[in-house]
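Report on the structure given below.
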Amino acid sequence: MRKKLLALLMVAVLVMSMLTGCAQVAYMFSQKEAGGNTETYEYNYDDETVTEEEYAFDDTEEATEEVTEEENSEEGDSEEVTEEKKETTASGDVDFEVVEATLSNPAKIGEWVATKTYCAESDDYRTIYFRITGVIRGEEAQKIVDEYNDGDHFVRFDPLEHDTLEYCVVTYETHYPADFPEGEYGLYEADVDLSACNLEDSGSIENFIGLSSVWDISEDPDEFHAGDTFKDGKAVFAMVKGFSDYLFYSDYYDDSDEEHKAYVKAE
């Protein structure tokens with residue numbers, strides 16, 4: 001039906017152009033129908049000098065302008081506008097500031113950071129956001145560990161062999177963008193994988209091997225969907241008592257098997 005209407009409209013325009021002598025009108029219309037004036041934003045991550053985390057959200061403003069221009073051009077091009085919006089806002093819109101999180105300039109506690117996680121629905125890695133909200137240490141942290149050990153869990157935290165070490169608990173939040181693909185019943189996980197490292201991300205932490213492990217003990221929400229924020233993230237790790245010069249990071253590998261890390265200063 002739409003093709004017939006467009007064909008009739010083309011005939012009308014051609015007749016008008018012949019009558020008025022403005023043949024360029026028909027040419028411009030045919031170019032618009034053929035998609036000649038349509039611009040598509042395509043980005044090559046390999047050619048960018050910025051990090052993957054910066055890129056995921058920096059294109060939101062440009063994408064919004066592109067969609068607005070297309071929507072104002074022709075009502076009949078609404079399907080094309082929808083497709084371009086889907087391509088250029090792959091990380092979704094968020095209403096909070098996302099900061100850079102490199103090794104030389106890690107994020108601070110409370111700041112949102114971009115990373116990627118595997119999506120089973122689309123069989124690829126998609127952008128999500130997380131922020132560290134605090135680190136619990138001392139008796140309060142040990143109480144959380146003891147309560148977890150008392151529960152019915154596959155993993156159990158044994159007493160640490162060195163008196164200079166203690167169990168700590170990191171708390172966090174995650175946000176899955178509204179365009180994150182989900183199944184019929186929503187998303188089945190809301191956590192983010194974390195690890196710990198020294199300030200140079202090389203070697204051991206204070207001469208202890210194995211302190212990089214961070215084990216998530218969060219309770220999955222009963223219902224979680226794209227666009228939601230999970231606020232009850234919790235993970236256990238061991239650290240040298242009184243030591244705070246370490247970082248948390250979340251990492252993923254791109255299609256070229258290159259590792260990307262987002263760092264957060266722990267304390």
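The values are calculated or read from the model by the stated rules, or taken from the named source; none is laboratory data. Computed from a predicted structure; not experimentally measured. A quick note on method: Cβ atoms are made from the backbone with ideal geometry, for glycine too, and the neighbour counts reach across all protein chains shown. Ligands, DNA and RNA are excluded from the accessible area calculation, which covers all protein heavy atoms including side chains. Shrake-Rupley method; radii C 1.70, N 1.55, O 1.52, S 1.80 Å.
Looking at segment 194-207 only, could you name the residues that are in contact with a strand residue (DSSP E or B) (Cβ under 6 Å, 6 or more places away or on another chain) and assigned to a loop (DSSP other than H, G, I, E, B)? Within segment 194-207, 194, 206 qualify. Being under 15 Å from the mean Cα position of the chain (by Cα) and over 20 Å from residue 110 (Cα atoms) holds for only one residue in 193, 220, 179, and it is 179. Selection within segment 101-128: residues that are more than 8 Å from the chain's Cα centre (by Cα), not in a loop (DSSP other than H, G, I, E, B) and not hydroxyl-bearing (Ser, Thr, Tyr). The member of this set that is surrounded by the fewest Cβ atoms within 10 Å (Cβ to Cβ) is 124. Selection of first residues in segment 219-230 that are within 10 Å of residue 187 (Cα to Cα) and of second residues that are at pLDDT 90 or above and open to solvent by 50 Å² or more (accessible area, probe 1.4 Å), restricted to Cβ pairs under 6 Å at least 6 apart or on distinct chains, gives the following pairs, ordered by first then second residue: 226/178. The residues of segment 182-193 that are in contact with an Asp or Glu (Cβ under 9 Å, 6 or more places away or on another chain), in a loop (DSSP other than H, G, I, E, B) and exposed (fewer than 14 other Cβ atoms within 10 Å of the Cβ), listed by number, are 185, 188.
For segment 208-237, which positions are on the phi > 0 side of the Ramachandran plot and out of contact with any strand residue (DSSP E or B) (no Cβ under 9 Å at 6 or more places or on another chain)? None; the set is empty. When we screen 203, 242 for residues that are among the small types (Gly, Ala, Ser), at pLDDT below 95, on the phi > 0 side of the Ramachandran plot and open to solvent by 50 Å² or more (accessible area, probe 1.4 Å), the only hit is 203.
Between residues in segment 126-151 that are closer than 16 Å to residue 166 by Cα and residues that are open to solvent by 20 Å² or more (accessible area, probe 1.4 Å) and part of a helix (DSSP H, G or I), which pairs lie under 7 Å by C-beta distance while being six or more apart or on different chains? From segment 126-151, the pairs are 136/144.
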